[in-house]
Amino acid sequence: MKNSRRHFLQKLTGTALAMTVIPHLGLAKASGIPDEQPYNGPILRVAIMGLGSYGSRVAEAMQACKKAKLVGVISGTPSKIKDWQAKYSIPEKNCYNYENFDKIKDNPDIDAVYVITPNALHHDQTIRVAKAGKHVICEKPMALNAKEGQEMIDACNNANVKLLVGYRMHFEPHTLEVIRMREAGDFGKVRFFQGLCGFRIGDPGQWRLNKELAGGGSLMDIGIYAVNGARYMVGEEPIWVTAQETKTDTGKFKPGVDETIQFQFGFPGGALASCLSTYNMNHLDKFFLNGDKGFAEMQPSTGYGPIKGRTHKGELNQPVVVHQTVQMEEMSDIILNGKQPLVPVDGQEGLRDLKILDAIYQAVKSGKKIDL
Ligand code: NAD
């Protein structure tokens, strides 16, 4: 098989990463790292829509997948299509642009479209893909608000196709181990979560700083990891939210584009979360969970890795994986075999985050505690 484990390792860049991966190869099966076992099951044939920086990362990571294969592209830039065709052996008949991609309906060789475009486009593009009868994997944030998210879910239900959201951390081994420990009661009753997510954003002209395309600022892009993380780390849905915004650069961060938002959640079991989302601090990527018996700490917690963590019992020593490879292997199983992931990645999961994002913006605006 072409997509062997050796091939996977060759794809890894950086000696440090390779060195951390190699000792864990024995755990390949548990981690989802492709191994040498022959695979004869179904393969999810995927077209990527949006050949930008994250689309390129997903395409590279998919080269090590056994259960998912990149077979098509949708792009507005003909030269990028040509490059991807050459690089990934994509046939002409599987190439589309943003005007004609509804025709994917007539293409029996594509099962799913992975939407990796600016946030504001996810809603319409997902609905068009659903109407074309193909499964959708959509990047986070799934949409700009909960209303849009619900419409996407409805469109996929009506078309009888699956809708998944690109929550790669839901398959990451260190993260899953902390969740397992929490469920086993290792931390006791969970009391507190802290999620700190941010980076210093560059080019002021990029779509991430354009309200029309991004739907907001840091919260939509990076703060969503703390929102989503608070939910899977605490293991409950928040019942209220409070939030405060600060802005140091009103030239770069125009109205409606948040630079920094702090937000707090209350959970039904009494736990609290305190989170920070920012476009103004580099290397901010930390989760901390504390219960009445112990703690888990992860830093980095949601970056591309390697994810590092420790608990009151010691270092976390899970296998280091390429997140997008494992995600696509698992998503193939979810779509084609109905596998239920430990932490959901379906449209409803995306919608839960969107409702909370809406409430955070409402709390910022009103200065009030918002019930969820
Ligand atoms: P990017 O700017 O690098 O790529 C976006 C792509 O969309 C480009 O190829 C661009 O040409 C195309 N595009 C199509 N229509 C466009 C339009 N009207 N305006 C601007 N670009 C348009 O962005 P990215 O970093 O690849 O992010 C894309 C999506 O992926 C976002 O929703 C982002 O939140 C998500 N993302 C997720 C992760 C993750 O770890 N899950 C990481 C990065 C980005």
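Here L336, L372, L357, L316 are screened, and the one residue that is within 16 Å of the ligand (Cβ to nearest atom) and either in contact with a Lys or Arg (Cβ under 6 Å, 6 or more places away or on another chain) or not hydroxyl-bearing (S, T, Y) (or both) is L357.
Residue pairs whose Cβ atoms lie under 6 Å apart, sitting 6 or more positions apart in sequence or on different chains, and linking a residue in region 85-99 that is without any contact (Cβ under 8 Å) to a residue 60 or more places away in the chain to a partner that is part of a loop (DSSP other than H, G, I, E, B) and open to solvent by less than 100 Å² (accessible area, probe 1.4 Å), are N97/G76; Y98/G76. Checking each residue in region 154-171 for being more than 17 Å from the chain's Cα centre (by Cα) and assigned to a helix (DSSP H, G or I) picks out D154, A155, C156, N157, N158.
Taking into account only those residues within region 339-354 that are assigned to a loop (DSSP other than H, G, I, E, B) and more than 14 Å from the ligand (Cβ to nearest atom), which is most open to solvent (accessible area, probe 1.4 Å)? Looking at the filtered set, the residue picked out is Q340.
When the test is whether a residue is assigned by TED's automatic domain parsing to the domain that holds L354, more than 16 Å from the ligand (Cβ to nearest atom), under 19 Å from N290 (Cα atoms) and of a type outside the set (A, V, I, L, M), Q244 does not pass it.
Just wondering, is there one or more residues in region 63-70 that are free of Cβ contacts under 8 Å to residues at least 40 places away in the same chain and more than 14 Å from the ligand (Cβ to nearest atom)? For region 63-70, residues free of Cβ contacts under 8 Å to residues at least 40 places away in the same chain and more than 14 Å from the ligand (Cβ to nearest atom): present.
Listed here are the residues, each with its yes/no results for (1) touching a residue at least 40 places away in the same chain (Cβ under 8 Å); (2) closer than 30 Å to R310 by Cβ; (3) within 11 Å of the ligand (Cβ to nearest atom).
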site	(1), (2), (3)
L219	yes, yes, no
V234	yes, yes, no
T250	no, no, no
D258	yes, no, no
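Tally up the residues in region 37-92 that are among the small types (G, A, S) and under 17 Å from L121 (Cβ atoms), please. Total meeting the criteria: 7.
When the residues of region 104-128 are filtered to those that are touching a His at 6+ places or on another chain (Cβ under 8 Å) and open to solvent by less than 20 Å² (accessible area, probe 1.4 Å), the one that is nearest to the ligand (Cβ to nearest atom) is V115. Within region 37-57, residues that are part of a helix (DSSP H, G or I) sit with their Cβ atoms under 6 Å from residues that are within 16 Å of the ligand (Cβ to nearest atom) and open to solvent by 10 Å² or more (accessible area, probe 1.4 Å), at 6+ positions apart or across chains, in these pairs: Y54/I116; G55/I116.
Count of region 254-272 residues, restricted to those that are touching a helix residue (DSSP H, G or I) at 6+ places or on another chain (Cβ under 7 Å) and open to solvent by less than 50 Å² (accessible area, probe 1.4 Å), is 10. The set of residues in region 231-253 that are surrounded by fewer than 20 Cβ atoms within 10 Å (Cβ to Cβ) and either among the basic types (K, R) or within 30 Å of E183 (Cβ to Cβ) (or both) comprises G235, E236, E237, I239, W240, T242, K247, K252.
For region 139-187, a tally of residues being within 18 Å of L316 (Cβ to Cβ) and open to solvent by less than 20 Å² (accessible area, probe 1.4 Å) returns 12. Taking the stated definitions as given, is D358 open to solvent by less than 60 Å² (accessible area, probe 1.4 Å), under 21 Å from the mean Cα position of the chain (by Cα) and closer than 21 Å to T175 by Cβ? Judged against the criteria, D358 is not a match. The residue that is farthest from N317 (Cα to Cα), counting only those in region 275-287 that are touching a helix residue (DSSP H, G or I) at 6+ places or on another chain (Cβ under 9 Å) and in a strand (DSSP E or B), is T278.
The values are calculated or read from the model by the stated rules, or taken from the named source; none is laboratory data. Only a predicted model underlies this, so the values are computations on that prediction, with no experimental measurement involved. Neighbour counts run over all protein chains shown; Cβ positions are idealised from the backbone, glycine included. What goes into the accessible areas is simple: the full protein's heavy atoms, side chains included, and nothing from ligands, DNA or RNA. Shrake-Rupley method; radii C 1.70, N 1.55, O 1.52, S 1.80 Å.
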